[in-house]
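Bear in mind these aren't lab numbers, they're just calculated from the coordinates by the rules spelled out. What you see is a predicted model, and the numbers here were worked out from it, not measured in a lab. Cβ: placed from backbone, ideal geometry, glycine included. Neighbour counts: every protein chain shown.
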C-alpha cells in the first residue's frame, strides 16, 4: 500500500533520515507498520535534531518537501501567493500516487489537503483532527473551515475523520478516536509516595502562551505561600521560557520551580513516576498527551475544561478541572492535599482509565482503518 501523509509538521533531514516532532512521528510509525511505501508532503528545514525529535521507521520513503507558510499577516499572505502553486502541485501528485491518503489537521497543510482530496473521491482516506473538535469552541476561521469540509460526507467520500471526544449530531464519517504513548508491556504497578517528603507537580508541553505555563507557576507559588511543601518541574521549550525564568527569579521561586527543558521519553517517564500531579492549564487541546501520559503513571491530572478533557478526567472523578481562577483552583487543590485518601483514589482511577488506551489497542484500531 502506498500511504501519503499531508502534514504541517516541520521535518529535519539528517543522514538520509527524516526527523520530526517525536510524539507525532511515534504515532505515524504505528500507521506505517501496515504500508509498503510512504509518501510525505511537508516542510523540511536544516538543523540539528534534539531530544524531542524522532525518525520515521520505514525503508521506502518518498519525501516531497514544500516551503513553510502562514496566513497570519498581510506579508505572509503575499508570500503564500507565490508558494501555493508548488505546494498544491506536490499535494496533488502525492494523492495521485497514493492508495491511501492521510491528512493531519488542523493546520495550513491540512487545510489545503482537505480541499485537494475532494478531487479523489474514490481513494481511501483518513484525516486525524488533532485539535479541539468541540462544535461550540471558538476557533480561527481556517480551523472552522477544515471542520466544515471534514464534516461534509459528500466532500469527504471514502474518508474516516478521527476526532477526540464524543460529540452529538455528527456526520457518519466522523469517528471518535484516541491516541497512545505506552504499550501493554510498559504497565507496572502504580504506587505514589505520600506527601511527607513534599508534593511534586510536573508540567509537560511547549512553553507558549497557549499552554499557559505561567498559570501553573502561579498556582504552585500560591500553594507555597499557603505553607505547602510543593515543587514544580516544567519540561519543554518555547518562546515563554525567558519570561518564565524572570518571573521565577523575581519571586525567588528557583529552589521550588525548575525549567528542565526538552527531554526524552524515558526521562519524562521517570518524572511522571516521581510526581503526584500533572498540570496543563492549556487554552486549547485535542487529546492532551501530557495528561494521558501522567495519568498512566498515577499522576492526578489538573487541566482546563477544553475539548475532551472533562471526559478524560471523568468530570473531576479522575482529577481536577481548573476554573482558571486562582482563588477557586487553590481551594480544589488544597482540599485534595488535605484528604490524601481522596488523592490516592483519584490516582488509581486516573491510571486505570489511561491504561485502557495503549499502543497495542491503538495499532489494532489503525489496522482496521487501513484494511477497510
With 10 angstrom as the radius, rank 234, 111, 155 by how many other C-beta atoms surround their C-beta, starting from the fewest.
155, 111, 234
Subtracting the Cα-Cα distance from 0.36 nm times the residue separation, let me have the gained length for residue 340 to residue 65 in nm, one decimal.
93.7 nm
Give me the angle, in degrees from 0 to 90, between the Cα long axis of helix 265-274 and the longest principal axis of the Cα atoms of the chain, rounded to the nearest 10.
30 degrees
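Tell me, what does the Kirkwood hydrodynamic radius of the stretch 138-277 come to in angstroms if you use every pair of distinct C-alpha atoms?
Working: mean 1/r = 0.0542 Å⁻¹.
Final number for the Kirkwood radius of the stretch 138-277 is 18.5 Å.
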Please determine, in degrees from 0 to 90 and to the nearest 10, the orientation of helix 359-371 with respect to the longest principal axis defined by the Cα atoms of the chain, where the helix direction is its Cα long axis.
20 degrees
For the Cα atoms of the chain, what angle does the longest principal axis make with the long axis of helix 74-97, in degrees from 0 to 90, nearest 10?
70 degrees
When 318, 263 are ranked with the fewest other C-beta atoms within 10 Å first, the list becomes 263, 318
Suppose R0 equals 35 Å. What FRET efficiency, 1/(1 + (r/R0)^6) with r the Cβ-Cβ distance, do residue 331 and residue 243 give to the nearest 0.05?
0.80
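Please report the antiparallel percentage of DSSP beta bridges with both residues in the chain, rounded to the nearest 5.
Numbers: 6 of 56 bridges.
Antiparallel: roughly 10 percent of the beta bridges in the chain.
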Taking the alpha-carbon set of the stretch 86-160, what are its Rg and Dmax in Å?
12.0, 37
So if each residue of separation counts as 0.36 nm, and I subtract the Cα-Cα distance between residue 29 and residue 323, what length gain in nm does that give?
102.2 nm
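Translational diffusion coefficient of the chain at 37 °C, 0.692 mPa s, Stokes-Einstein with Kirkwood Rh over Cα pairs, in µm²/s as a whole number. Walk me through the numbers on the way to the answer.
Values: Rh = 21.8 Å.
So the translational diffusion coefficient is about 151 µm²/s.
Let me have the relative contact order for the stretch 185-354, percent, based on Cα pairs under 8 Å that are six or more residues apart.
On the way: 286 pairs, mean separation 39.2, N = 170.
Relative contact order of the stretch 185-354: 23 percent.
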If each Cα of the stretch 299-372 is one equal point scatterer, what is log10 of I(q)/I(0) from the Debye formula at q = 0.16, 0.18 Å⁻¹?
-0.64, -0.75
The chain: calculated mean residue ellipticity at 222 nm from DSSP helix runs of at least 4, using -39500 (n - 2.57)
-11500 deg cm²/dmol
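Could you line up 28, 115 from fewest to most neighbouring Cβ atoms inside 10 Å? Write down the numbers at each step before the final one.
Details: 28 23, 115 15.
Going from least to most buried by this count: 115, 28.
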In the stretch 214-300, what is the volume of the convex hull around the alpha carbon atoms, normalised per residue and reported in Å³?
104 Å³
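Need one number for the stretch 185-354: average projected area of the convex hull over its C-alpha atoms, nm².
Numbers: hull surface 36.1 nm².
Averaged projected hull area, Cα only: 9.0 nm².
Return a whole-number percent for the relative contact order of the chain, with Cα pairs under 8 Å and 6 or more residues apart as the contact set.
Values: 691 pairs, mean separation 52.7, N = 372.
Worked out over the chain, it gives 14 percent.
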